[in-house]
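Student: Here it is, the structure in full.
Throughout, read-outs are computed from the coordinates displayed, never taken from laboratory work. Model, not experiment: these values are computed from the prediction. So basically every Cβ, Gly included, is an ideal-geometry build from the backbone, and we count neighbours across all protein chains shown.
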Amino acid sequence: MKKIFLLAALAVLMMTGCCNEPKKDAPSALDVIMTRTSIRSFTGEAVTSEQLETILKAGMAAPSAMNAQPWRFVVLTDKDRIQEVYGGERRSEMFTSAGAVIVVCGQTTRMGRPHGQPDAPETELPLIFWYEDCSAATENILLAAHALGLGAVWISGYPNENRTAPIAEALGLPANIKILCSIPVGVPAENPEPKDKWVPENIHWEKW
Ligand SMILES: Cc1cc2nc3c(=O)[nH]c(=O)nc-3n(C[C@H](O)[C@H](O)[C@H](O)COP(=O)(O)O)c2cc1C
């Protein structure tokens, strides 16, 4: 009986792959990076909650200054809701044809004591690296979407308040939560060639 259980467990392990082993036939991280392109046209098909969770996990795996992880995400999957929030945007089809929109937000302050003042009363302190951290999360999200065969594009927000204010209002964001960008994610309805951005002249070796 014990032997059968062990054999069954081994078979399951072989079928699912162990732990963090990369899946067979999965593209390498470098392939994913070098073949990603911005996708701005989608079929309208849904993005599953499993796909969204994987994409958001990748976002949260990004590096973060002092590991503060100031990223916050508002995820829209409801078509009416996407229309409500993004219907007035220029090129709104980018959003309304997507399966989901991930709004990458950053918490810009936290409560704490100023550095080196353990006895001071708690006060609101700025999280000055929020947009760098959220940018790293955004790139991870774009790459994860591409790795899953989905398309996505970084649509700018911060620091353009004119652009972000109506979205922030529609989403009901608190004052210390700012929008870095919006990312429509979906099944691609276009297949653009990745741009070749290799410019060796942009590199200065040892000194400028
Ligand atoms: C900070 C930032 C803001 C961007 N904002 C927009 C935008 O508002 N609208 C848009 O269509 N693409 C936007 N993009 C996508 C760029 O246009 C795109 O990354 C660039 O053209 C290079 O193309 P690729 O992503 O296919 O390599 C933005 C990208 C970044 C990094």
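Student: Loop-only GluC sites (Glu not before Pro) in the range 151-208, please: DSSP not H, G, I, E or B, and at most 13 other Cβ atoms within 10 Å. Numbers along the way, then the final one.
Tutor: Numbers: sites: GLU161, GLU169, GLU190, GLU201, GLU206; in loops: GLU190, GLU206.
Counting only loop positions with at most 13 other Cβ atoms within 10 Å, the GluC sites (Glu not before Pro) in the range 151-208 are GLU190, GLU206.
Student: Can you list the trypsin sites (Lys or Arg not before Pro) in the range 114-208 that are in a DSSP coil and have 14 or fewer other beta carbons within 10 angstrom? Please report the intermediate quantities before stating the final value.
Tutor: Values: sites: ARG163, LYS178, LYS195, LYS197, LYS207; in loops: LYS195, LYS197, LYS207.
Those satisfying the criteria are LYS195, LYS197, LYS207.
Student: If you count, for each residue, the other Cβ atoms within 10 Å and average over each peptide, how do 179-188, 88-97, 60-69, 113-122 line up from highest to lowest? Don't skip to the end; give the middle numbers.
Tutor: On the way: 179-188: 23.3, 88-97: 15.3, 60-69: 13.5, 113-122: 8.8.
Final packing ranking: 179-188, 88-97, 60-69, 113-122.
Student: Over the Cα atoms of the range 67-208, each weighted equally, I'd like the Debye log10 I(q)/I(0) at q = 0.12, 0.16, 0.17, 0.19 Å⁻¹, rounded to two decimals.
Tutor: Summing over Cα pairs of the range 67-208 leads to -0.61, -0.91, -0.98, -1.12.
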